[in-house]
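Before any comments, here is the structure.
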Amino acid sequence: MLRVRWFEIDDPASQVEWPALAPILAALFFNAVFWLVHDSDLWRFNWPPFALAASSAVGLACAALFFVGPALAAQAAASFRSMLASAFGTVPGFCVRMACVVYLVTWISRLLSLVCLFLGLANPPRPAIERGMIGGAILLLVYLTGCQSVRTSSALARFTLRLAAAIMIAALIRVRSGWFAIPLGFASHSQYSLAEDAWRDFSDISFYVAPLALLAAMFSARLASRKAVAMTALMGITAPLAATLLVVTILSVATRASWFYRPSGFSNIFVSLASGTTRAGEKVILLIFAVTILGVLRFSVAALKEVATVRWIPPRFAWIPFGCLISAIVWYSVHSDWEVIEPVAERSTEILVAVAAMLTVDALMRRKFHQPQAFDWAGTLSLICGIGVPAFVRFWWPGTAEDSWGHPWLLPSYGISFVVCLFARVVARASARNGGFSRRLNPD
């Protein structure tokens with residue numbers, strides 16, 4: 001039986017074990033949002049050996065690119081805030097924190113809007129005030145359950161994982177008439193080459209994983225050793241991501257070959273569960289899907305509380321900034337102007353991807369963390385290049401940002417930031433050793 005102690009708060013200075021943290025991160029992939037958005041990302045690799053290899057490669061790459069470096073850097077700095085201040089300086093570090101806040105506000109508002117949609121609050125249409133009150137109540141529940149100790153959060157996450165696993169198993173059993181097609185896959189037809197499709201699909205998956213993996217580094221700062229970070233990356237990101245991608249790919253093949261599939265329709269997990277059921281059955285399935293989203297919502301709200309906390313505000317007023325952000329989330333979830341929100345979410349995601357690249361460089365170079373200054377010029381220059389070069393190219397050549405290619409500048413932004421930061425750190429370290437450059441460029 002699941003037993004949870006309400007209002008059990010951890011000591012921020014205490015250490016956590018990776019078996020407690022890994023389920024919290026795994027819940028980021030075992031949910032209906034990830035299933036429905038990324039169910040067809042690896043559709044060109046639908047033959048089981050190819051699907052296993054592709055999903056494993058994606059899981060390893062995402063963990064290595066976006067999580068391990070920031071987690072090791074946060075562990076060395078002892079906190080997420082100190083890591084940002086040391087790597088970029090206090091002023092750019094504060095700007096990066098604001099980018100985290102913007103990303104989380106847009107991300108949580110979209111998740112909350114989707115939960116309300118699955119609960120049937122949009123059909124028939126309800127007044128905005130009523131939807132806002134229901135959304136606020138859901139967010140309050142998520143806050144009370146998410147901003148608890150790691151032990152409590154891990155217990156809730158394990159419940160979400162078991163529920164998600166049961167849903168995927170039920171979906172596979174229901175489309176058993178299409179199991180014969182799993183060893184064969186299905187013929188793929190695309191105007192793009194396999195390499196082009198793989199690049200685009202990995203970019204789309206990275207758009208989901210990268211910012212969440214970077215934010216997971218703030219919880220990894222309390223891990224005891226580098227081995228614990230590696231195990232968290234393996235069991236919290238690599239294995240769950242690979243398993244989810246593999247299952248939804250196999251499920252897509254089986255659904256397409258089963259009698260539940262309708263020509264010119266989708267072949268995702270919702271179709272495998274809801275096709276042929278009554279309207280009431282569809283509502284029950286969507287309700288269960290909404291419960292799986294609570295896991296990623298809990299993680300996101302806990303991350304928002306951490307990055308949005310203002311240390312210099314008196315404790316009795318510390319709730320005001322966070323309360324304002326929660327109000328903005330509820331408002332955006334009800335008044336969803338995605339034409340405005342989507343570009344903001346994309347730009348904030350690109351910033352966090354560039355930050356992950358630079359923190360990975362610092363982790364590879366075993367850079368020592370120091371008393372932060374206003375600006376770390378190497379980190380600031382790398383961040384500007386990683387964000388500015390793609391923006392400059394998009395401005396002069398708008399055709400490079402076509403929607404058909406998903407998020408074409410996400411990985412190039414990572415690469416530019418990584419190369420520039422590596423070059424700047426190497427030059428600064430060599431100059432500091434030779435007594436040439438000012439040590440402010442890279443004070444280690």
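The values are calculated or read from the model by the stated rules, or taken from the named source; none is laboratory data. Keep in mind it's a predicted model, so treat the numbers as computed, not measured. Here Cβ is always computed from backbone atoms with ideal geometry, including for glycine, and neighbour counts include all displayed protein chains. Heavy atoms of the whole protein, side chains included, go into the accessibility calculation; ligands, DNA and RNA do not. Shrake-Rupley method; radii C 1.70, N 1.55, O 1.52, S 1.80 Å.
Have a look at V361, V389, V393 and point out the one that is within 21 Å of the chain's Cα centre (by Cα), within 27 Å of I205 (Cα to Cα) and either open to solvent by 40 Å² or more (accessible area, probe 1.4 Å) or not acidic (D, E) (or both).
Of V361, V389, V393, the one residue that is within 21 Å of the chain's Cα centre (by Cα), within 27 Å of I205 (Cα to Cα) and either open to solvent by 40 Å² or more (accessible area, probe 1.4 Å) or not acidic (D, E) (or both) is V361.
In the set (1) at pLDDT 85 or above; (2) closer than 14 Å to S177 by Cβ; (3) crowded, with 23+ Cβ neighbours inside 10 Å; (4) of a type outside the set (K, R), the condition left unmet by S258 is number (3). Selection of the range 169-192 for residues being surrounded by 18 or more Cβ atoms within 10 Å (Cβ to Cβ) and either in a helix (DSSP H, G or I) or among the acidic types (D, E) (or both) yields A171, L172, R174, G178, A181.
Of all the numbered requirements in (1) at pLDDT 90 or above; (2) surrounded by 15 or more Cβ atoms within 10 Å (Cβ to Cβ); (3) of a type outside the set (S, T, Y), A166 misses one, and that requirement is (2). Of the numbered conditions (1) modelled with pLDDT under 80; (2) open to solvent by 50 Å² or more (accessible area, probe 1.4 Å), W377 fails exactly one; give the number of that condition. Of (1) modelled with pLDDT under 80; (2) open to solvent by 50 Å² or more (accessible area, probe 1.4 Å), only one is false for W377: (1). If only residues of the range 193-226 that are in a loop (DSSP other than H, G, I, E, B) and touching a Ser or Thr at 6+ places or on another chain (Cβ under 9 Å) are counted, the one that is least open to solvent (accessible area, probe 1.4 Å) is A221.
Could you list, in sequence order, the residues of the range 1-39 that are in contact with a Cys (Cβ under 9 Å, 6 or more places away or on another chain) and either open to solvent by less than 50 Å² (accessible area, probe 1.4 Å) or at pLDDT 80 or above (or both)? Matches in the range 1-39: none.
Checked against (1) open to solvent by 30 Å² or more (accessible area, probe 1.4 Å); (2) at pLDDT 90 or above, I108 passes all but condition (1).
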